[in-house]
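Below is one structure, written out as structure tokens; the observations come after it.
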């Protein structure tokens, strides 16, 4: 063998000792997803399960999900402190489970239930509770809005967001 010739490489496959795998995600299969993450997590979980591993997937239980109708069974409920930046809050949390090729767990709490979308807060959520998103009300007033023959008044609030707020 010369210096220019590559050395023969023998691949040695080491068996993995990890038999119990937990995947934590915001998305999974048809339950919750907006992009490719839902597919990747499901395919990875199923592939690991087919290789003989015990696989569990944990995702939030969003407001658009109904665990009972989706075939989940409630395993337990407990109270935890889950405070926001400017609001102390204790929430009741429930854990739901459904067994498929892998075990799927939903973490059900008001924090996730209020979410109408997976990755963003919707305009409706911001209107319901802007303070939670780091906004402070500066002022509020009524505005007259005229549409064709109809006259109506709307309450308008001006909010300001502080920099550096983590959601």
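Could you look through segment 30-72, keep only residues that are more than 16 Å from residue 113 (Cα to Cα) and under 12 Å from the mean Cα position of the chain (by Cα), and pick out the one that is surrounded by the most Cβ atoms within 10 Å (Cβ to Cβ)?
38
Please list, ordered by first then second residue, the pairs with beta carbon atoms under 7 Å, 6 or more apart or interchain, first in segment 47-71 and in contact (Cβ under 8 Å) with a residue 24 or more places away in the chain and on the phi > 0 side of the Ramachandran plot, second surrounded by 12 or more Cβ atoms within 10 Å (Cβ to Cβ) and assigned to a strand (DSSP E or B).
71/98
Okay, residues lined up against (1) closer than 18 Å to residue 24 by Cα; (2) touching a helix residue (DSSP H, G or I) at 6+ places or on another chain (Cβ under 6 Å); (3) without any contact (Cβ under 8 Å) to a residue 24 or more places away in the chain:
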{"residue": "79", "(1), (2), (3)": "no, no, yes"}
{"residue": "84", "(1), (2), (3)": "no, yes, no"}
{"residue": "98", "(1), (2), (3)": "yes, no, no"}
{"residue": "102", "(1), (2), (3)": "yes, yes, no"}
{"residue": "109", "(1), (2), (3)": "yes, no, no"}
{"residue": "112", "(1), (2), (3)": "yes, no, no"}
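We did not get these values from a lab; they are worked out from the coordinates using the rules stated. As the structure is a computational prediction, the values presented were derived from the model and not from experiment. Methodologically, a virtual Cβ is constructed for each residue, glycine included, from the backbone with ideal geometry; neighbour enumeration extends over all protein chains shown.
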